[in-house]
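One structure below.
Read the figures in this text as sums done on the coordinates, not as results from a lab. Note that the structure is a prediction, hence the values are computed from the model and not measured. Every residue, glycine among them, receives a Cβ derived from its backbone with ideal geometry; neighbour counts consider all protein chains shown.
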Amino acid sequence: MNAINSSSDIGQEQLIADFKVVMDDAEALLQATAHQGDAKIDALRAKARESLRKVGAQLTASQAALMANGKKAVTATDVYVHENPWAALGVAGGIGLVLGLLLRRH
């Protein structure tokens, strides 16, 4: 289950990064059209800025939640390793063996 959460967290991190790029591009577009003074464009620009502000706040909250989940996973892993050092060593050894075999083939 932790592997699923980990891949989900990675997907969420990528989504947050992509949204930040989109927000930066949208803000640049708004700045580029700032000299156009049509009332309709001004209203659309204000609406777009408000939407960007809301999305930014949601992204900040999502990023904080993602960081909190990451810290919980690190803490849980630390506790598991301290409570089960031989099992953790076995898992690490198994992963090392598999990686060694894969690297040896290439």
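Given springs between every Cα pair under 10 Å in a Gaussian network model of the chain, which of Gly94, Gly70, Gly56 has the largest fluctuation? Sorting by GNM fluctuation, first place goes to Gly94. Considering region 2-105 at the alpha-carbon level, its Rg and Dmax are found to be 22.7, 70 Å. Placing dummy labels 7 Å off each Cα toward the beta-carbon, the span from Arg105 to Ala39 is 7.0 nm. Between Gln14 and Met67, the distance separating the two model label sites (each 7 Å from Cα on the Cα→Cβ line) works out to 2.3 nm. Couplings for region 67-75, taken from phi via the Karplus curve 6.51 cos²θ - 1.76 cosθ + 1.60 with θ = phi - 60°, read 5, 5, 5, x, 5, 5, 5, 5, 5 Hz in order; Gly and Pro are left as x.
Backbone phi angles across region 88-93, fed through the Karplus curve with coefficients 6.51, -1.76 and 1.60 (θ = phi - 60°), yield HN-Hα couplings of 5, 5, x, 5, 4, x Hz in residue order; Gly and Pro are listed as x.
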